[in-house]
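*Asks:* I'd like to ask you about the structure that follows.
The values are calculated or read from the model by the stated rules, or taken from the named source; none is laboratory data. Worth saying up front: this structure is predicted, and the values here are computed from it rather than measured. No Cβ is skipped: glycine too gets one built from the backbone with ideal geometry, and neighbour counts run over all protein chains shown. Keep in mind that these areas ignore ligands, DNA and RNA; they rest on the heavy atoms of the full protein, side chains included. Shrake-Rupley method; radii C 1.70, N 1.55, O 1.52, S 1.80 Å.
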Amino acid sequence: MIAQVLAAAVGTVAFALLFGVPRKYYFYCGLVGGAGWLIYAFLMQRLSATETEAVFFATLGVILLCRVFAVREECPVTVFLIAGIFPLVPGTRIYWTAYYAVTDQLALAQQNGFAALKDALAIVLGIVVIFELPNRLFRCRHRRQKPLWARRSRCPAPVRPRTRRPSWPSM
């Protein structure tokens with residue numbers, strides 16, 4: 001199981017590289033993807049959960065970590081979400097659905113297609129459940145920490161274009 005988790009983490013980092021995630025977030029992306037696969041594999045192997053249940057709870061863990069890292073690093077959640085959810089996407093199920101449909105094995109195509117649909121819906125529901133939690137749950141408040149409005153953002157302020165005042169003709 002350790003090799004699977006490491007493979008999921010490396011695959012997540014590789015997908016983050018392809019997706020254009022900034023280099024300083026690669027570790028977090030790998031951690032999110034590896035943790036998601038760890039939850040999935042643990043539920044499937046140790047607790048004998050169905051695949052849809054395992055995908056749902058693994059998605060909850062992935063999105064929870066994404067929200068925590070996004071607040072910690074002051075960046076959008078999608079930086080970690082797109083790459084982190086990658087190991088849980090039911091790509092093989094979709095492949096086998098198309099394969100069985102092309103080879104005229106429609107019962108197997110229907111079975112795999114329905115399982116892929118259930119997994120995709122489990123991912124969507126997991127994302128929605130965690131995104132409905134208020135943002136203040138993910139912020140750590142320390143006694144010496146400045147309030148949010150007083151902190152200097154890590155992102156540069158947007159540059160506003162200067163507007164020219166109309167020149168009035170002199171009389």
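*Asks:* More than 27 Å from P134 (Cβ to Cβ) and in a helix (DSSP H, G or I): is that true of G30 in this structure?
*Replies:* Yes; evaluated as a whole, the condition is true for this residue.
*Asks:* Another question, if that's okay. Go through segment 1-51 and give me each residue that's more than 14 Å from the chain's Cα centre (by Cα) and open to solvent by less than 40 Å² (accessible area, probe 1.4 Å).
*Replies:* Once the filter is applied, which keeps residues that are more than 14 Å from the chain's Cα centre (by Cα) and open to solvent by less than 40 Å² (accessible area, probe 1.4 Å), segment 1-51 yields V5, Y40, A41, L43, A49.
*Asks:* Continuing with this model, one more query. Can you run down the residue pairs with Cβ atoms below 7 Å, 6 or more apart or on separate chains, where the first is in segment 97-123 and at positive phi and among the β-branched types (V, I, T) and the partner is part of a helix (DSSP H, G or I) and open to solvent by less than 100 Å² (accessible area, probe 1.4 Å)?
*Replies:* From residues that are at positive phi and among the β-branched types (V, I, T), there are no pairs.
*Asks:* Go through (1) modelled with pLDDT of 90 or more; (2) within 27 Å of R136 (Cβ to Cβ) one by one and return the number of the condition E74 breaks.
*Replies:* Unmet condition: (1).
*Asks:* Quick check, is G61 over 22 Å from L137 (Cα atoms), part of a helix (DSSP H, G or I) and not acidic (D, E)?
*Replies:* Here the answer is no, as G61 does not meet what is asked.
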